[in-house]
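Nothing in this text is a laboratory measurement; each read-out follows from the coordinates by a stated rule. This is a predicted model, so every value here is computed, not measured. Cβ: placed from backbone, ideal geometry, glycine included. Neighbour counts: every protein chain shown.
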Amino acid sequence: MPSVMPFRPLAAAVLGMTLAAQQTKVLPAGMEHVEGQIALGLLFSRIDSDFFLLYDAERITSGQAQLTGIDFRQNQLTAPVASFTKPYRVTAYTVPINAAGMIALGSVLNIASVVGSATGTVVMQAPVVMAARTSLSVAPGPFDINFPFSVPYAFDATQGNLLLRIQATDSTAVPGIYLADAVAFSAGLGIVTDVDATGCPSGATSLSLLTSNASVVAGRSIDTTITVTPGVGALLVALSLDRADQDLTALGMPGCTSRVGPTVAVQALLPSPPAVPHALWPIPAAPVFVGAPLFTQAAALSPAGAPPALSNTEGLRIGAAQMTPIKATMAFWTGSLYVQYTNNGEQMPVVRLTGTFP
């Protein structure tokens, strides 16, 4: 029989990750090793780039945090772009308005109504080197768009919410569309993106996975379709809470990489072409699972004893059946006005904050 991940230990693991002391915090949660499903070109592609990121305090800490930087990463869709250097300023605020309150101001914003009487602290003003970009073969990319703070920012969650303003400070032209990785959350959908889109065939045997976004939702069953060439003896399909990239050359599989970690459940399936087999993984209908990352990869076993073929690896982020409260939002400068970037849900770049987060 197929084995199913024990979800009680999974819940404990998810809670453990949120309670552990951290030196970095990736927002939105669960995106450390999962790429976002959209890309934003409006952040770093404008000569007069200027944008605000507002996070409800609970997204940062329940107490007092010291922020020492914010980092972004490219999206897999990035077309080739030459490297360039451009000076930026980062200003941090603690503001009374929260994300829902900012959304209520409408799509066109008067930033003074967001900042209010809060005094900003310039935490960085320096050139930023944007590395040359090509398409990623393995996603997500590293957090290598770096804004290290020269002045740490003490954020007290009892005093308000975190607002960061990042703005270019010169008129240097940008050589192309520089895409940053981002997410767009919708009710009833999870995130499914390829970590490794190619997998590893074995001779004439190959297989691929495709998971439905609508199935990666708390209270539903993750539905992964496996497409495999004929003649396969069996399939092993793994779902893991962890990602661990392991080179399989030593196991007689040169050029192959396993990307699932130790917190793993495995299903054994017998393909019966022309029917396409499915792996189904139930997710309890509990809020604790929303935002949890998962990784899935499959192996096709040959009855002739040849090395198994590996599928592509998918990164998943569990979504919510209902629209969750908006806890973060952003606004950007169009050249003539500030526009809030939202569509009845959070649409935000994936960022990594550095510092201490008790």
Working note, the range 283-358: Cα radius of gyration (Å, one decimal) and Dmax (Å, whole number) are 20.2, 66
Taking a quarter of the surface of the Cα convex hull of the range 191-317, what do you get in nm²?
7.4 nm²
Per-residue HN-Hα couplings for the range 186-194 [Karplus 6.51, -1.76, 1.60; θ = phi - 60°; Hz; x = Gly/Pro]:
9, 5, x, 9, x, 10, 10, 9, 7
Listed highest first by mean packing, meaning other Cβ atoms within 10 Å per residue, what order do 350-357, 139-146 come in?
350-357, 139-146
At q = 0.08, 0.10, 0.15 1/Å the base-10 log of I(q)/I(0) from the Debye formula over the alpha-carbon atoms of the chain is -0.44, -0.66, -1.28
Electrostatic dipole magnitude of the chain [Cβ: Lys, Arg +1; Asp, Glu -1; Cα centre; debye, to 20]
220 debye
P(r) tail for the range 66-130, what percent of Cα pairs lie past 19 Å?
55 percent
Which ³J(HN,Hα) values in Hz, rounded to whole numbers, follow from the phi angles of the range 216-221 under the Karplus curve 6.51 cos²θ - 1.76 cosθ + 1.60, where θ = phi - 60° and Gly and Pro get x?
8, 9, 4, x, 10, 10
Stretchable slack from SER83 to ALA173, in nm (0.36 nm times residue separation minus alpha-carbon distance)
31.2 nm
Pick out, from THR91, GLY199, MET348, the residue whose Cα sits farthest towards the positive end of the charge dipole of the chain, with +1 on the Cβ of Lys and Arg and -1 on the Cβ of Asp and Glu.
THR91
Out of GLY203, GLY291, GLY315, any idea which swings most in a Gaussian network model of the chain, alpha carbons joined below 10 Å?
GLY203
In debye, nearest 20, what is the charge dipole magnitude of the range 13-135 about its Cα centre with +1 on Lys and Arg Cβ and -1 on Asp and Glu Cβ, if you could check?
240 debye
With springs connecting C-alpha atoms under 10 Å apart, model the chain as a Gaussian network and identify which of VAL192, VAL183, VAL138 has the largest mean-square fluctuation.
VAL138
GNM flexibility winner over the chain from ASN110, ASN161, ASN312 (Cα, springs under 10 Å):
ASN110
Let me know the charge dipole size of the range 191-317 about its Cα centre in debye, to the nearest 20, where only the beta-carbon of Lys, Arg (+1) and Asp, Glu (-1) is charged.
200 debye
Which residues' amide hydrogens lie under 5 Å from the amide hydrogen of GLY319, considering only partners 5 or more residues apart or on another chain, with H built in the peptide plane?
GLY190, ILE191, VAL217, ALA218, GLY291
Hey, can you grab everything whose amide H is under 5 Å from the amide H of GLU346? Only 5+ residues off in sequence or another chain; H modelled, so Pro and N-termini drop out.
PHE185
Per-residue HN-Hα couplings for the range 50-57, Karplus 6.51 cos²θ - 1.76 cosθ + 1.60 at θ = phi - 60°, whole Hz, x for Gly and Pro?
7, 8, 10, 10, 10, 10, 4, 3
